[in-house]
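*Asks:* Dropping the structure in here first, questions after.
The values are calculated or read from the model by the stated rules, or taken from the named source; none is laboratory data. Just so it is clear, the structure is predicted and the values come from calculations on it, not from any experiment. Note that each Cβ is placed from the backbone with ideal geometry, even for glycine, and that neighbours are counted across all protein chains shown.
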Amino acid sequence: MTTLDHPPNRTHTHRIAGITHAGKPFRPGDWAERLASVIALFVRERRPGASVASTWLAVPFVEDGIRCLSVSGELAEICPEAFEFVMCFAKDNGLPVRADD
C-alpha cells in the first residue's frame, strides 16, 4: 500500500486565506475550489494513479467568512511542482499563508 492509497496522519498544513494583505477579498469567489482542482490535475499528471490526492492534499473551506485553502505539507513530498505552484500563487496574489503544525 502506498501513501496515496492510505494517507498517513497529516498534521502539517498551510492555510491560504482569500483576503489580500491589503485587506480586500480575493476574487473570483471560487478561487479555492479552482486552485484545489488545478492541484489535483497537476498531481495526477505528474503522479499517475494519484487520483485520490484531490481529496486531502488541497481542501477549500470557509473560516470567519473568508474563503481559504488548506494545503497538506505532504504535497511538497508527493508533487513538489504543485506545492511550489500553489505557494507562488499565494505570494503573487498577496494572499497570506499560515503554516499549522
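*Asks:* Here is a list: VAL43, VAL52. Which entry is modelled with pLDDT under 80 and over 21 Å from ASP100 (Cα atoms)?
*Replies:* Being modelled with pLDDT under 80 and over 21 Å from ASP100 (Cα atoms) holds for just one of VAL43, VAL52, which is VAL52.
*Asks:* For the structure I just gave you, tell me whether LEU69 is in contact with a Phe, Trp or Tyr (Cβ under 9 Å, 6 or more places away or on another chain), within 19 Å of ASP100 (Cβ to Cβ), modelled with pLDDT of 85 or more and not in a strand (DSSP E or B).
*Replies:* So LEU69 does not fit the description; no.
*Asks:* Exactly one of these conditions fails for GLY18: (1) farther than 25 Å from GLY94 by Cα; (2) modelled with pLDDT of 95 or more. Give me its number.
*Replies:* Just one mismatch for GLY18, condition (1).
*Asks:* Starting from residues that are assigned to a helix (DSSP H, G or I) and in contact with a Leu (Cβ under 9 Å, 6 or more places away or on another chain), keep the ones in the range 72-84 and report whichever is surrounded by the fewest Cβ atoms within 10 Å (Cβ to Cβ).
*Replies:* Out of the qualifying residues, it is ILE78.
*Asks:* Continuing with this model, one more query. List every residue pair whose Cβ atoms sit under 6 Å apart, with the two residues 6 or more apart in sequence or on different chains, where the first one lies in the range 68-87 and is under 13 Å from VAL43 (Cα atoms) and the second, anywhere, is in a helix (DSSP H, G or I) and not hydrophobic (A, V, I, L, M, F, W, C).
*Replies:* What qualifies is CYS79/ARG46.
*Asks:* Of the conditions (1) within 20 Å of ARG98 (Cβ to Cβ); (2) at pLDDT 60 or above; (3) not in a strand (DSSP E or B), ARG10 fails just one. Which one is it?
*Replies:* Among (1) within 20 Å of ARG98 (Cβ to Cβ); (2) at pLDDT 60 or above; (3) not in a strand (DSSP E or B), ARG10 violates only (2).
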